[in-house]
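The numbers here are math on the coordinates, done by the rules we state, and not lab data. What you see is a predicted model, and the numbers here were worked out from it, not measured in a lab. Don't worry about glycine lacking a Cβ; one is built from the backbone with ideal geometry, like all the others, and counts go over all protein chains shown.
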Amino acid sequence: MQETVIRLEHITREFPGVLANDDVSLEVRRGEVFALVGENGAGKSTLMNIIYGIYPPTDGSVYIRGKKVETFSPRNAIELGIGMVHQHFMLVPSFTVAQNIVMSREPRRAKVFFDNRRAEEITRQLVKEYGLSVDPSARVQDISVGVQQRVEILKALYRGADILILDEPTAVLTPQETAELFRVIRHIIREKNMTVILITHKLGEVMAISDRVGIMRQGRLVGLSDTRDITEREIASMMVGRPVLFDKLERSGEPGETMISVEGLSVRDNRGLVAVDGVSLEARAGEVLGIAAIEGNGQSELLEAITGMRPAISGRVRIRGRDSTGLEPGQIRALGLAHVPEDRLATGVDPLADVSDNLLAGRQRDREFNAAGGLRLRRSSIERYASEVYRKFDIRGAGLHGAVGSMSGGNMQKVVVAREFSHETPVLVISNPSRGIDIGAIEFIHTAIIEKRNEGCAVLLSSADLDEIFRLSDRIVTMYEGRITGEFKPDEITKEEIGYYMTGSRRKEELAPNETAD
């Protein structure tokens, strides 16, 4: 029997008006990968933050290697050998890899001056010991997301961690980077007998890498199993408390005429650098065109230019054959385009406004909702419309008159999707629809996207989640450094192969005439 390194006994954690953890007891063993899964708000992150010392429990006890924890702070957790790599990395972009790794425990010359040479030596030693390849002298701002994650892991290992908590570690990684991360996890488990706790939404990865899995729902631990003894479908059903559809979404009809076309489009980013470089693509009625790219390769700027949120340097965008280049977002919407933006809080909703006002946004000038020549809103009509949309899209929490900002991420995303999908527009531009939301909301939103596609909408979908791209797309284009590197049908290529096009190591035009993408 493996040694128990973490034991939680009857952990309860309350916040004002919220019971985040409700009498949770579990053990984590040395030398295992323990996966913790659950919907947003299920309490898994709160539980890990208690272990890492960010919060003390309201009730219950935490034991690390048999010793009861009395002081809850990250510093104490680090001293106890616990490291945590958060979903959003906590690195200083302008510092080198070595400087980030030794931060807070810097080597000194003459006890005063930072010893950069020694910092790089320490980093090289860690690289050799743990098999995590990084360049100690590279600046963090110049390295890929996957390498940044290695830096975060090395930083935790440098501080002496032998219990490593990884929060959504593959959210923005390519299949190759995910495989490399799993190789590292297996190495530190096998060679160092460490413990890894994995928080993830990706159940395929739970099955691939974990030894045991804990399932949380509404603050409680509702399942605990050896991974080999449970299926993805069973895990998902326990997470949401009902059966979850994992089957391929039903498609109907063939693609029709081109509804949105992009020709030679170039766009600058916020720094004034070219982020989109001569991109051309088109999406047809009754088709989902997926854009697969690692974050920061121009896909965000491309969609912002298409929807009027960012000016183009050159090129053309046409909606249903009409030139929309340079028009304001409202004018582009009038041509027949609806938009689910990348950042729901920044550009998708008004968090201070109530749900009904957010659902109405974009239609407030319709005659159905206006009276007295547009001087007064018809509140009864708005209430009827908002109630119907609220029910249809299964929005929960806050109610029609509650502030959107008080809702969970999944329900906030449903508000955006409900509003945009309720416009009778022939073109939908959607960015990262399932980011930060749970499996129940993902299932609902994916079904809604395919329903719009089947109704004849042209859907342009950008997502950092390859599973999502493959599940929803009829065609896929890959982008790297602002350019299109390949175009495929999902059944023409594997996720592993498409990763090469997302990193620019392959481009479709480089294939020989008799060579195929797979």
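Based on DSSP, what percent of beta bridges with both residues in the chain are antiparallel, to the nearest 5?
Rounded to the nearest five, the antiparallel share is 55 percent.
Give the total of Lys-Lys pairs in the stretch 365-518 with Cα-Cα distances below 21 Å; include a pair only if its members are 8 or more places apart or on different chains.
Taking the stretch 365-518 as the scope, the lysine pair count is 6.
Given a cut-off of under 8 Å on Cα pairs at least six residues apart, what relative contact order in percent is computed for the stretch 197-260?
24
Any idea what the relative contact order of the stretch 293-419 is, in percent, if you count C-alpha pairs under 8 Å spaced at least 6 apart?
22
Compute the Cα gyration tensor for the stretch 4-240, then decide on rounded, prolate or oblate, letting a ≥ b ≥ c be the square roots of its eigenvalues: rounded whenever a/c is under 1.5, prolate when a/b is larger than b/c in the other cases, and oblate in all that remain.
Since a/c reaches 1.5 and a/b is larger than b/c, the shape of the stretch 4-240 is classed as prolate.
If packing is taken as the mean number of other Cβ atoms within 10 Å per residue, what is the order of 123-133, 48-58, highest first?
Ranked by mean Cβ neighbours within 10 Å, highest first: 48-58, 123-133.
Provide the per-residue ³J(HN,Hα) series for the stretch 334-344, in order, calculated from phi with Karplus coefficients 6.51, -1.76, 1.60 and θ = phi - 60°, each as a whole number of Hz, with x at glycine and proline positions.
5, 7, x, 10, 10, 9, 9, x, 5, 10, 5
Highest mean first, what order results for 280-292, 229-241, 90-102 on Cβ atoms within 10 Å?
Per-residue mean Cβ counts within 10 Å order the peptides as 280-292, 90-102, 229-241.
Alpha carbon centre of the stretch 299-332 versus the stretch 371-411: separation in Å?
So the two Cα centres are separated by 29 Å.
Once R0 is set to 30 Å, what does the formula 1/(1 + (r/R0)^6) return for the Cβ-Cβ distance between Val222 and Leu352, expressed as a FRET efficiency to the nearest 0.05?
FRET efficiency, Val222 to Leu352: 0.30.
Using the Karplus curve 6.51 cos²θ - 1.76 cosθ + 1.60 with θ = phi - 60°, what ³J(HN,Hα) values do you get for each residue of the stretch 31-41, in whole Hz, with x for Gly and Pro?
Calculated HN-Hα couplings, in order: x, 10, 9, 10, 9, 10, 10, x, 5, 4, x Hz.
Does the stretch 41-80 come out rounded, prolate or oblate, given a ≥ b ≥ c as the square roots of the eigenvalues of its C-alpha gyration tensor, rounded meaning a/c under 1.5 and, failing that, prolate meaning a/b above b/c?
prolate
Would you mind pulling out the separation of the Cα centroids of the stretch 415-481 and the stretch 43-121, in Å?
Centre-to-centre (Cα) distance: 38 Å.
Ranking request for peptides 192-198, 204-210, 67-73: highest mean number of other beta-carbon atoms within 10 Å first, then the rest in descending order.
So the peptides 192-198, 204-210, 67-73, ranked by packing, come out 192-198, 204-210, 67-73.
Let me check against my output: what whole-number percent is the relative contact order of the chain, with C-alpha pairs under 8 Å and at least 6 apart?
Value for the chain: 14 percent.
What are the residues whose amide H is under 5 Å from the amide H of Asn21, where those residues sit 5 or more places off or on another chain and H is modelled from the backbone?
Answer set, sorted by chain and number: Arg13.
Expressed in nm to one decimal, what extension gain is obtained for the pair Glu424 and Phe182 from 0.36 nm per residue of sequence separation less their Cα-Cα distance?
82.7 nm
Amide H to amide H under 5 Å from Gly223: which residues, 5+ apart in sequence or cross-chain, H placed 1.01 Å off N in plane?
For Gly223, the qualifying residues are Ile215.
How big is the Kirkwood radius of the stretch 194-317, worked out from every pair of different alpha carbons and given in Å to one decimal?
18.6 Å is the Kirkwood radius here.
Got a sec to turn the phi values of the stretch 88-105 into Karplus ³J(HN,Hα) couplings, 6.51 cos²θ - 1.76 cosθ + 1.60 with θ = phi - 60°, whole Hz, x for Gly and Pro?
For the stretch 88-105, the Karplus curve yields 9, 4, 10, 10, 8, x, 7, 7, 6, 4, 4, 5, 5, 5, 8, 3, 6, 9 Hz.
Output the antiparallel fraction of DSSP beta bridges having both residues in the stretch 51-199, as a percent to the nearest 5.
35
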